[in-house]
């Protein structure tokens, strides 16, 4: 049997389920998920290996019209990534109308002629079978896709069929990663993302774009593991929101994120969360550089 391996990246409007789909295909949570736009801020690789081949899923920030220097740099990161992958999968939810954001992304896809482009009709569990068929027909008219496939990341319906459809259009290649790998993302990179996800879930719409999180240190001594994480915001008022009355919100954030970090490290931890202010960091080239953007 000829082995095939290659890279695929998902694109689509905010909240169409790109990171959720990646996690579902891998069978493990690699990318953080949130209902907030622009949750993903860097490329994360997840790896699915089966006898037929290996699929490397590259999760990227969403394509959008940038309003800050951070937004411009995230778009540049997406452009670089999409220029290198073998397949681009555009996610279009079965339960939502095709809108201006979808058409904007469709226009951008013409800039990546190297990749084969497939349409992925997501969230099929939310509508009837007839509605899925209608959406597939509607999506099929948008452009000349290599494939159009329906699936639900939440119920796993269609995930195996998706893998089976994608592998044959990947290049012939030996596996690019060890068969037992699920990601090349380091523990040091995953910890601040876990904390940022906890903040986004606890604080709804107040802070999604103004928040950055960085891991300061992991200290192992006397049989204890201490993890030091700094949360960075742009204004005093935002710092107060994250800390909460008498530290109540910061405790909630710690309670939400600590179990995931412990599972990642394989040990109980003491989690130290510190909040600091970096005024307008999204627009400051020096601050963005320090944060890795």
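Would you mind telling me which numbered condition in (1) in contact with a strand residue (DSSP E or B) (Cβ under 7 Å, 6 or more places away or on another chain); (2) in a helix (DSSP H, G or I) residue 247 fails?
(1)
Please report, ordered by residue number, the helices (runs of 4 or more DSSP H) entirely within segment 95-190 with at least 3 residues that are closer than 19 Å to residue 48 by Cα.
159-166
Each row is one residue, and each column tells you yes or no for (1) closer than 29 Å to residue 68 by Cβ; (2) surrounded by 18 or more Cβ atoms within 10 Å (Cβ to Cβ); (3) at pLDDT below 90.
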position	(1), (2), (3)
196	yes, yes, yes
200	yes, yes, yes
211	yes, yes, yes
219	no, no, no
222	no, no, yes
248	no, no, no
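Working only within segment 52-92, note down all residues that are touching a residue at least 40 places away in the same chain (Cβ under 8 Å), closer than 30 Å to residue 138 by Cβ, touching a helix residue (DSSP H, G or I) at 6+ places or on another chain (Cβ under 6 Å) and in a loop (DSSP other than H, G, I, E, B).
Residues satisfying the conditions are 60, 63.
In segment 236-262, how many residues are under 17 Å from residue 279 (Cα atoms) and within 22 Å of the chain's Cα centre (by Cα)?
Result for segment 236-262: 0.
Mind listing just one residue for me: the one in segment 109-141 that is over 21 Å from residue 168 (Cβ atoms) and touching a helix residue (DSSP H, G or I) at 6+ places or on another chain (Cβ under 6 Å) and, of those, surrounded by the fewest Cβ atoms within 10 Å (Cβ to Cβ)?
Taking the candidates together, the pick is 132.
For segment 167-183, does any single residue satisfy the condition of being touching a helix residue (DSSP H, G or I) at 6+ places or on another chain (Cβ under 7 Å) and under 16 Å from residue 57 (Cβ atoms)?
yes
Any idea which of (1) at pLDDT 95 or above; (2) under 22 Å from the mean Cα position of the chain (by Cα) is the one residue 226 doesn't satisfy?
Residue 226 satisfies every listed condition except (2).
The values are calculated or read from the model by the stated rules, or taken from the named source; none is laboratory data. Every value quoted in this text rests on a predicted model; they were computed, and no experiment measured them. Note that we place each Cβ from the backbone using ideal geometry, even for glycine, and neighbour counts take in every protein chain shown.
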